[in-house]
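The values are calculated or read from the model by the stated rules, or taken from the named source; none is laboratory data. Just so it is clear, the structure is predicted and the values come from calculations on it, not from any experiment. Counting neighbours? That spans all protein chains shown, and the Cβs are built from the backbone with ideal geometry, glycine included. Calculation scope for accessible area: heavy atoms of the full protein, side chains included, ligands and nucleic acids excluded. Shrake-Rupley method; radii C 1.70, N 1.55, O 1.52, S 1.80 Å.
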Amino acid sequence: MRTTAAALTQVGRISTLAWDVLRALPRRPFQFREFIQQCWFFASVTILPTALVAIPFGAVIALQLGSLTQQIGAQSFTGAAS
């Protein structure tokens, strides 16, 4: 029973936060320069980890696809499918 009440409290807090954000969005002045700086910061922080995860993931997919195309005799399509 206690976990249900805690969960509902958390949902209420998240809903209140979402409502406050939606209410504050149309207010002027919109800080466009701050928005661009935050976007750049977010991109610069996430590009390297994304690339470091995507490269091995792509290699695993290519290996699996190569094995599959070998089984069905379509090895010439491995590069295009990857």
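Quick notes on this one:
- Of the numbered criteria (1) open to solvent by less than 80 Å² (accessible area, probe 1.4 Å); (2) among the aliphatic types (A, V, I, L, M); (3) more than 23 Å from the chain's Cα centre (by Cα), the one LEU63 fails is (1).
- Within the range 8-30, the set of residues being among the aromatic types (Phe, Trp, Tyr) and outside any loop (DSSP other than H, G, I, E, B) comprises just one member, TRP19.
- Residue under evaluation THR78, criteria (1) touching a residue at least 12 places away in the same chain (Cβ under 8 Å); (2) of a type outside the set (Phe, Trp, Tyr); (3) open to solvent by 80 Å² or more (accessible area, probe 1.4 Å), criterion not met: (3)
- Of all residues in the range 18-56, those being open to solvent by 90 Å² or more (accessible area, probe 1.4 Å), aliphatic (A, V, I, L, M) and within 21 Å of the chain's Cα centre (by Cα) number 5.
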